[in-house]
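The values are calculated or read from the model by the stated rules, or taken from the named source; none is laboratory data. Fair warning: this is a prediction, and the values are worked out from it, not measured in the lab. Because the Cβ atoms are built from the backbone with ideal geometry, glycine has one as well, and the counts that use them run over all protein chains shown. What goes into the accessible areas is simple: the full protein's heavy atoms, side chains included, and nothing from ligands, DNA or RNA. Shrake-Rupley method; radii C 1.70, N 1.55, O 1.52, S 1.80 Å.
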Amino acid sequence: DETVNGTLYFANGKITLGSNYLTIGSSGSIANANASRYVVTNGHLVRNGVGTTAKDFPVGRATSYNPVTIATGSGTDNFRVRVIGSVSPSSANDAAAVQRTWDIVEETPGGNGTMTVTVQWNGSEEGGSFSPRAAAVSWRHNGTVWVEEGTVASIAGTDPYTATITGLTSFSRYAIG
């Protein structure tokens with residue numbers, strides 16, 4: 001596990017975490033990340049001091065860039081994010097979803113108002129019956145089942161796609177379907 005209090009600058013390549021955590025301190029920043037320069041997560045990318053101004057989490061799988069941005073409604077908190085390369089845990093409706101799960105953990109749950117999250121995926125990661133042009137919803141796994149939570153305020157892009165989810169008050173695993 002490592003902590004960066006300055007700037008994590010991506011010059012070339014990816015950082016593969018394995019099961020480790022990489023923490024960007026409250027005064028730290030991330031620069032120059034893109035689809036070929038990001039953090040490959042099995043562990044988590046942690047950002048301290050996330051507040052009302054959105055902070056980027058340039059994360060993905062080994063062959064897929066699936067970044068996240070998070071903004072609180074009020075106050076600041078620390079968040080950790082990783083991407084799972086399937087709908088996890090699996091459900092009967094997997095084919096109608098993006099085949100990614102964004103595992104988002106808030107260090108101190110509650111107290112930050114309604115939050116906004118934006119996630120990104122590639123067209124090749126969509127289930128066979130998923131269409132980003134249809135009315136998509138966000139699903140959160142509550143530890144037992146997938147429940148609809150938040151509002152997909154917009155889907156943008158033409159591959160890669162982004163979905164902006166508003167009205168979130170709690171975090172765990174999220175999927176778009």
key: Per DSSP, loop GluC sites (Glu not before Pro) in the stretch 68-128 with at most 15 further Cβ within 10 Å   = Glu107
key: Length gained when the stretch Ser172-Ala62 is fully extended (0.36 nm per residue, less Cα-Cα span)   = 37.4 nm
request  = Tally up the carbon and sulfur contribution to the accessible surface of the stretch 36-177 as a whole percent, 1.4 Å probe, everything protein left in place.
outcome  = 48 percent
ask   = Taking R0 as 35 Å, what's the FRET efficiency between Asn5 and Val147 from their Cβ-Cβ distance, rounded to 0.05?
value = 0.40
ask   = Can you give the relative contact order of the stretch 6-55 as a percent, counting alpha carbon pairs under 8 Å and 6+ residues apart?
value = 45 percent
inquiry  = With equal scatterers on the alpha carbons only and no solvent term, can you work out the Debye log10 of I(q)/I(0) for the stretch 28-177 at 0.09, 0.10, 0.16 1/Å?
reply    = -0.24, -0.30, -0.81
task = With a probe of 1.4 Å, find how much accessible area the chain has per residue, and write the answer as a whole number in Å².
result = 44 Å²
inquiry  = Rounded to the nearest 20 debye, what is the charge dipole size of the chain about its Cα centre when +1 sits on each Lys and Arg Cβ and -1 on each Asp and Glu Cβ?
reply    = 240 debye
Calculated diffusion of the stretch 1-62, Stokes-Einstein form, Kirkwood radius summed over Cα pairs, 10 °C and 1.306 mPa s, µm²/s = 136 µm²/s
remark   = Here the residues of the stretch 29-48 lying in the modelled label zone of Val105, meaning backbone nitrogen under 11 Å from a point 7 Å along Cα-to-Cβ, are 43-46
